[in-house]
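Chemist: My questions will all concern the structure given below.
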Amino acid sequence: MVVSARHRTLSALTTGFVLVFFVAFCVFPFLWMLDTAFKPAAEVFSTAPTLWIASPTFSNFRAVVLESPFLIYFGNSLIVAGVSTILTVSLSVFASYAMSRWSYLSVTQIVTGGLIVSQMIPGVLLLIPLYVLIRNMGLLSTYAALVIVYCTFMVPLASFMLKGFFDAVPRELEEAAAMDGCSRLGFILRILLPVTLPGLMATAVFAFIAAWNEFMFGYVLINDDARRTLTPGIMLFKGSHQTDWGSLTAASVLAAVPVALGFVYVQRFLITGLTAGAVKG
Amino acid sequence: MTTMDMATGSIASRPQAGIGRAARRVLWPSARVRAACAFLAPVAVLVAALIAVPLAGVLWQSLHHASLIDAAVGGFAGLDNFRMVLDDEHFVPALTHTLVWTVLSVAGEYACGLATALALAQPFRGRALVRGLIILPWVIPIAIAGVNWAWLLNPDYGVLNAWLVRMGVLAAPFDWLGRSETALITVTLVNVWRSFPFYTISLLAALTSIPDDLYEAAALDGAGIVRRFFVITLPHLRPVSLTLIVIHIIWTAINFDFIWVMTQGGPLDATETLPILIYRYAMQEFDVGLACALATLSMAAMAMLFLVQALLVRAREAR
Amino acid sequence: MTSIRLRQVSKTFGDKTVIPPLDLEIAGGEFVVFVGPSGCGKSTLLRLIAGLEEISGGTIEIDGRDVSQAPPAERGLAMVFQSYALYPHMSVAENIGFPLKMAGVPKAAIAGKVAEAANRLNLTELLERRPSQLSGGQRQRVAIGRAIVRAPKAFLFDEPLSNLDAALRAGMRIEIAELHRQLGTTMIYVTHDQVEAMTMADTIVVLNKGRIEQIGSPLEIYNTPANLFVAQFIGSPTMNILRGPAADALGAPVIGIRPEHLAIVPAAGNGTDDGLPGIAALSEHLGSDTFVHVRLNEGATVNARVTGEFRIDRGAPVVVVPERAHLHRFTANGEALRI
């Protein structure tokens with residue numbers, strides 16, 4: 001860009017100010033969450049809170065892990081998000097292959113159109129019929145209930161994202177495999193998936209984060225503490241009369257770790273995911 | 001040795017194809033269609049069974065009496081459910097809250113998103129890190145974000161109140177989420193915090209796709225930095241912005257999680273929006289008909305918004 | 001020595017005919033080049049033979065067996081692609097061994113054959129590398145290695161050299177021709193580059209709009225083009241074409257003369273009647289040759305190849321003299337007139 005020196009200084013200053021402000025805005029709640037998690041109760045319940053921790057402690061984490069159902073919730077979330085992710089990606093691989101290679105077939109076009117439309121239907125509006133459906137199937141308070149629902153809502157996103165990655169694989173590669181005696185399934189398993197592995201992983205991480213973060217269906221479809229997932233679990237934590245903020249922040253930190261790790265991995269795919277329409281706010 | 005170069009036979013004069021040949025010509029494409037069907041079937045079935053059918057169910061139920069717990073309730077209701085929803089004393093406040101919440105959220109998110117995207121479009125060291133930090137709120141589960149903001153805003157031990165009092169802005173700690181005057185605006189602010197990074201990424205992607213030589217050409221033509229922003233940057237962002245805003249109006253208007261996690265619609269229904277009302281009808285009053293009628297109304301509003309957007313896009317393309 | 005025979009093979013995409021029914025016979029051990037402008041159907045024809053596209057009509061026989069319905073792998077052919085189509089996640093050794101692995105060959109046997117192919121192609125040092133770590137020429141050799149390792153009935157090459165720079169291309173041309181000499185296997189080679197066609201082929205098949213315009217040895221095609229299309233497509237610079245009175249005077253509605261069969265003499269004091277008077281325009285000095293463009297008085301512009309030392313001023317009046325023995329005569333609709 002062509003700018004005068006004065007403008008450059010001015011724009012650098014503005015840029016700096018905006019970024020410092022927003023980084024503080026974005027990071028401070030997390031910082032404070034982390035801070036509180038390491039504070040003993042006396043410091044948590046202080047009317048003059050400070051960022052400095054006089055006597056840092058792991059007692060909040062210990063309480064959360066040992067004396068609360070947190071580990072159960074965490075495990076449930078891992079199972080539900082993990083299974084949904086595997087299922088979502090496995091189904092999407094085939095749908096995406098068809099969308100990528102046979103986009104001219106009318107059956108593909110119909111299904112693709114259906115996926116686009118379904119992507120726009122918000123979950124709340126389907127809350128009642130889905131609740132009734134799951135109840136009639138006898139699946140209330142089961143992992144299966146959440147896995148089925150999460151798969152359904154993530155499959156369109158995952159398919160569009162994977163289609164983008166598959167589109168980038170040259171057709172000649174598939175033809176070479178055909179000449180070499182590879183069946184279509186063989187091509188998908190031996191060539192296509194290994195070649196698009198980074199994209200596949202990114203899609204999986206996106207699906208995992210979405211399932212891990214989901215709140216409403218977990219809240220409504222699970223009524224059994226033994227099957228409850230983390231996000232409704234944490235909210236119920238808070239609701240119990242006298243809130244133990246130390247434990248709550250400790251639980252939040254632990255719950256945020258998997259998504260934060262996943263996020264570090266997918267960051268470079270954010271733009272790709274965005275253009276594939278695969279990222280929902 | 002290669003022989004013959006008869007390449008002139010037209011399709012019409014081609015010798016009659018044998019039965020095997022004709023069958024094959026049908027078989028190959030249909031094998032591909034069969035494979036496509038098999039590949040697409042699981043996804044199609046899932047989406048049909050869990051989105052399309054329930055969607056139809058919502059429309060159908062909205063015209064019927066039904067209860068979540070009492071199987072005896074039933075029968076055709078006509079437009080009764082719609083009438084009851086519109087007559088509900090909660091409806092107009094909930095609609096107003098939804099509008100306020102949606103408009104303020106989206107406006108705030110766009111402003112924050114644009115500011116950060118423009119700043120992040122400048123080259124500087126550590127840009128990837130700063131971008132990562134700014135995106136952070138959007139990655140963390142809403143439940144966790146909501147719970148932790150409730151902690152920050154806590155009237156007794158919350159750090160924000162303590163600081164505001166210490167700075168002399170407030171005389172005494174204020175229960176931002178617990179008072180009906182401020183609850184909605186506070187929840188909105190937290191929503192902006194959580195959602196604006198999505199705008200940042202989208203707008204940043206659009207910004208980086210503007211070719212540099214456009215700016216250089218404009219600079220050579222004597223356009224100043226402000227003028228360049230309005231003549232080049234903003235028009236380039238318009239399509240993305242339109243999509244972002246329309247999508248977020250919908251996502252925000254029908255968002256359930258955020259408000260539920262932070263206030264559950266309270267205090268005194270001060271943050272009750274339409275999705276909260278749908279949930280209450282269904283899960284607290286167990287009135288499926290009412291809930292579905294309200295969901296249908298919301299869906300109609302959504303569809304209209306999409307239509308408006310489509311028309312806007314078409315109008316621009318026609319221009 | 002595998003022969004390939006196409007009978008009434010045609011290809012349509014929707015209602016668009018890419019290849020009208022054509023017949024073609026390729027004898028065992030031949031090096032056949034399909035050449036033609038882009039969009040002429042040469043690649044499609046190759047892909048029909050490979051089985052990568054389904055034929056819309058007719059039959060394809062390989063060694064007398066009808067393979068029209070057989071999937072690509074069952075046809076026993078190997079193909080080298082324009083983009084090489086190496087598997088990016090596999091090492092060179094794995095790439096070369098992949099077809100054998102697919103065929104269920106035991107591991108030890110694969111290793112042996114891969115080593116043999118690598119040795120032949122000077123790839124032994126590179127066996128553990130990934131395709132992304134190879135140069136264009138090396139990738140090309142890996143692609144060829146993957147093709148030869150399973151001893152196919154025939155090789156199909158789809159513009160294999162078009163992604164290489166000029167120097168490498170010349171080298172690879174020789175390598176492929178040498179490979180053909182050693183293996184003696186039937187090869188079909190698609191290119192739009194007439195130099196490749198002329199230098200490598202036993203037989204050239206000139207294609208245009210899905211039709212075969214001419215089949216013949218390179219010199220046959222060059223010296224006796226069957227029609228105006230072939231005449232103008234083969235040869236660089238292209239053959240000069242004369243129509244109207246100038247052509248009539250030379251005995252045909254359309255006359256073609258290659259640049260090397262034109263001589264240029266100064267206009268002044270030249271009494272000969274078979275010259276075509278004109279004005280010298282641009283001269284292109286290539287060092288070994290000079291191409292002189294001459295605007296003839298009757299309207300056409302011709303290009304003459306003369307010696308490298310030849311100098312003539314732009315705008316100088318000249319007379320262009322064609323060699324009578326090397327005129328190509330065509331009918332008004334472009335078919336060659338044989339006398």
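The values are calculated or read from the model by the stated rules, or taken from the named source; none is laboratory data. Bear in mind that the values here come from a model prediction, so they are computed numbers and not experimental data. Please note: Cβ atoms are built from the backbone with ideal geometry, for glycine as well, and neighbour counts cover all protein chains shown.
Chemist: Go through the stretch B:1-116 and tell me which helices (runs of 4 or more DSSP H), entirely inside it, have 1 or more residues that are surrounded by 15 or more Cβ atoms within 10 Å (Cβ to Cβ), away from every other protein chain (no Cβ under 11 Å) and at pLDDT 75 or above.
Modeler: Filter on the stretch B:1-116 gives B:80-87.
Chemist: Does residue A:135 count as surrounded by fewer than 18 Cβ atoms within 10 Å (Cβ to Cβ) and of a type in the set (Lys, Arg)?
Modeler: Answer is yes for this residue.
Chemist: Against the condition more than 31 Å from the chain's Cα centre (by Cα), among the polar types (S, T, N, Q) and more than 10 Å from every other protein chain (Cβ to nearest Cβ), how does residue A:11 come out, does it pass?
Modeler: no
Chemist: Residues that are touching a Ser or Thr at 6+ places or on another chain (Cβ under 6 Å), touching a residue at least 12 places away in the same chain (Cβ under 8 Å) and in a helix (DSSP H, G or I): does the stretch C:110-118 have at least one?
Modeler: Yes - at least one qualifying residue is present in the stretch C:110-118.
Chemist: How about the stretch A:179-229: which helices (runs of 4 or more DSSP H) wholly inside it have at least 1 residues that are in contact (Cβ under 8 Å) with a residue 24 or more places away in the chain and surrounded by fewer than 24 Cβ atoms within 10 Å (Cβ to Cβ)?
Modeler: Because the criterion is at least 1 residues that are in contact (Cβ under 8 Å) with a residue 24 or more places away in the chain and surrounded by fewer than 24 Cβ atoms within 10 Å (Cβ to Cβ), the helices (runs of 4 or more DSSP H) in the stretch A:179-229 that meet it are A:197-213, A:216-221.
The rows are residues; the columns are (1) modelled with pLDDT of 90 or more; (2) touching a strand residue (DSSP E or B) at 6+ places or on another chain (Cβ under 9 Å); (3) not in a helix (DSSP H, G or I).
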position	(1), (2), (3)
C:90	yes, no, yes
C:93	yes, no, no
C:104	yes, no, yes
C:108	yes, no, no
C:146	yes, yes, no
C:157	yes, yes, yes
C:167	no, no, no
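For every residue, the table says whether it meets (1) over 22 Å from residue C:234 (Cα atoms); (2) hydrophobic (A, V, I, L, M, F, W, C); (3) surrounded by 15 or more Cβ atoms within 10 Å (Cβ to Cβ).
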| site | (1), (2), (3) |
| --- | --- |
| C:264 | yes, yes, yes |
| C:280 | yes, yes, yes |
| C:286 | no, yes, no |
| C:295 | yes, no, yes |
| C:312 | yes, yes, yes |
| C:315 | yes, no, no |
| C:320 | yes, yes, yes |
| C:323 | no, no, no |
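Chemist: Further question: In the stretch C:64-74, what count of residues is obtained for those that are out of contact with any Ser or Thr (no Cβ under 9 Å at 6 or more places or on another chain) and surrounded by fewer than 22 Cβ atoms within 10 Å (Cβ to Cβ)?
Modeler: The qualifying residues number 4.
Chemist: I'm trying to understand the selection: among the residues of the stretch C:216-253, which are part of a helix (DSSP H, G or I) and under 28 Å from the mean Cα position of the chain (by Cα)?
Modeler: C:218, C:219, C:220, C:221, C:222, C:223, C:228, C:229, C:230, C:231, C:232, C:233
Chemist: Oh, and also: Among the candidates B:117, B:107, single out the residue that is under 30 Å from residue B:136 (Cα atoms) and without any contact (Cβ under 8 Å) to a residue 40 or more places away in the chain.
Modeler: Step by step, each of B:117, B:107 is checked, and only B:107 is under 30 Å from residue B:136 (Cα atoms) and without any contact (Cβ under 8 Å) to a residue 40 or more places away in the chain.
Chemist: Might you check whether a residue that is more than 9 Å from chain B (Cβ to nearest Cβ), surrounded by fewer than 13 Cβ atoms within 10 Å (Cβ to Cβ) and within 28 Å of the chain's Cα centre (by Cα) occurs anywhere in the stretch A:37-51?
Modeler: There is no residue in the stretch A:37-51 that is more than 9 Å from chain B (Cβ to nearest Cβ), surrounded by fewer than 13 Cβ atoms within 10 Å (Cβ to Cβ) and within 28 Å of the chain's Cα centre (by Cα).
Chemist: Taking residue C:83 and the conditions (1) at the interface with another protein chain (Cβ under 9 Å from one of its Cβ atoms); (2) under 22 Å from residue C:185 (Cα atoms); (3) touching a residue at least 60 places away in the same chain (Cβ under 8 Å); (4) small (Gly, Ala, Ser), which numbered condition does it fall short on, given that it satisfies the others?
Modeler: Unmet for residue C:83, out of (1) at the interface with another protein chain (Cβ under 9 Å from one of its Cβ atoms); (2) under 22 Å from residue C:185 (Cα atoms); (3) touching a residue at least 60 places away in the same chain (Cβ under 8 Å); (4) small (Gly, Ala, Ser): (2).
Chemist: Working only within the stretch C:53-65, note down all residues that are in contact (Cβ under 8 Å) with a residue 24 or more places away in the chain and in a loop (DSSP other than H, G, I, E, B).
Modeler: C:53, C:55, C:56, C:63, C:64
Chemist: In the stretch B:194-215, what residues are more than 7 Å from every other protein chain (Cβ to nearest Cβ) and among the hydrophobic types (A, V, I, L, M, F, W, C)?
Modeler: Selection gives B:196, B:203, B:204, B:206, B:207, B:210, B:214.
Chemist: Can you pull out every residue in the stretch B:260-277 that is within 18 Å of the chain's Cα centre (by Cα) and either assigned to a helix (DSSP H, G or I) or free of Cβ contacts under 8 Å to residues at least 24 places away in the same chain (or both)?
Modeler: B:260, B:274, B:275, B:276
Chemist: Same structure, new question: With respect to residue C:98, is the statement that it is closer than 21 Å to residue A:181 by Cβ, modelled with pLDDT of 90 or more and not aliphatic (A, V, I, L, M) true?
Modeler: Yes; evaluated as a whole, the condition is true for this residue.
Chemist: Going through the stretch A:239-269 one residue at a time, which ones are at pLDDT below 75 and in contact with a Phe, Trp or Tyr (Cβ under 9 Å, 6 or more places away or on another chain)?
Modeler: A:269
Chemist: For a quick check of your reading of the model, give me the residue pairs whose first member lies in the stretch C:126-144 and is of a type in the set (Lys, Arg), whose second is in a helix (DSSP H, G or I) and modelled with pLDDT of 90 or more, with beta-carbon atoms closer than 6 Å and at least 6 apart or on different chains.
Modeler: Within 6 Å, the pairs are C:129/C:92; C:139/C:131.
Chemist: What are the residue pairs meeting all of these: first residue in the stretch A:107-131, first residue more than 7 Å from chain B (Cβ to nearest Cβ), second residue part of a helix (DSSP H, G or I), Cβ atoms under 7 Å, and 6 or more apart or on different chains?
Modeler: These pairs meet every condition: A:112/A:99; A:119/A:156; A:119/A:157; A:123/A:153; A:123/A:216; A:123/A:217; A:131/A:220; A:131/A:221.
Chemist: On to the next question. Could you pull out every one of the helices (runs of 4 or more DSSP H) wholly within the stretch B:178-259 that has 3 or more residues that are of a type in the set (S, T, N, Q) and buried (at least 21 other Cβ atoms within 10 Å of the Cβ)?
Modeler: B:183-208
Chemist: Tally the residues that are farther than 16 Å from residue A:136 by Cα and of a type outside the set (Ser, Thr, Tyr), restricting the search to the stretch B:62-71.
Modeler: Going through the stretch B:62-71 one residue at a time, the tally reaches 3.
Chemist: Could you grab me the full set of residues in the stretch B:215-253 that are under 20 Å from residue B:310 (Cα atoms) and β-branched (Val, Ile, Thr)?
Modeler: Within the stretch B:215-253, B:240, B:243, B:245, B:246, B:247, B:249, B:250, B:252 meet the criteria.
Chemist: Looking at (1) over 29 Å from residue B:194 (Cα atoms); (2) surrounded by fewer than 17 Cβ atoms within 10 Å (Cβ to Cβ), can you tell me which one residue A:79 breaks?
Modeler: All conditions pass for residue A:79, except number (1).
Chemist: Right, something else. Count, please, the residues in the stretch C:174-231 that happen to be surrounded by 21 or more Cβ atoms within 10 Å (Cβ to Cβ) and free of Cβ contacts under 8 Å to residues at least 12 places away in the same chain.
Modeler: 0
Chemist: Can we say residue C:68 is more than 24 Å from residue C:137 (Cα to Cα), outside any helix (DSSP H, G or I) and away from chain A (no Cβ under 13 Å)?
Modeler: Against the criterion (more than 24 Å from residue C:137 (Cα to Cα), outside any helix (DSSP H, G or I) and away from chain A (no Cβ under 13 Å)), residue C:68 qualifies.
Chemist: Restricting the first residue to the stretch A:23-50 and requiring it to be of a type in the set (Ser, Thr, Tyr), which pairs with a second residue that is surrounded by 15 or more Cβ atoms within 10 Å (Cβ to Cβ) and not in a helix (DSSP H, G or I) meet a Cβ separation below 8 Å and a spacing of at least six or different chains?
Modeler: Going by the 8 Å Cβ cut-off, the qualifying pairs are A:46/B:157; A:47/B:157.
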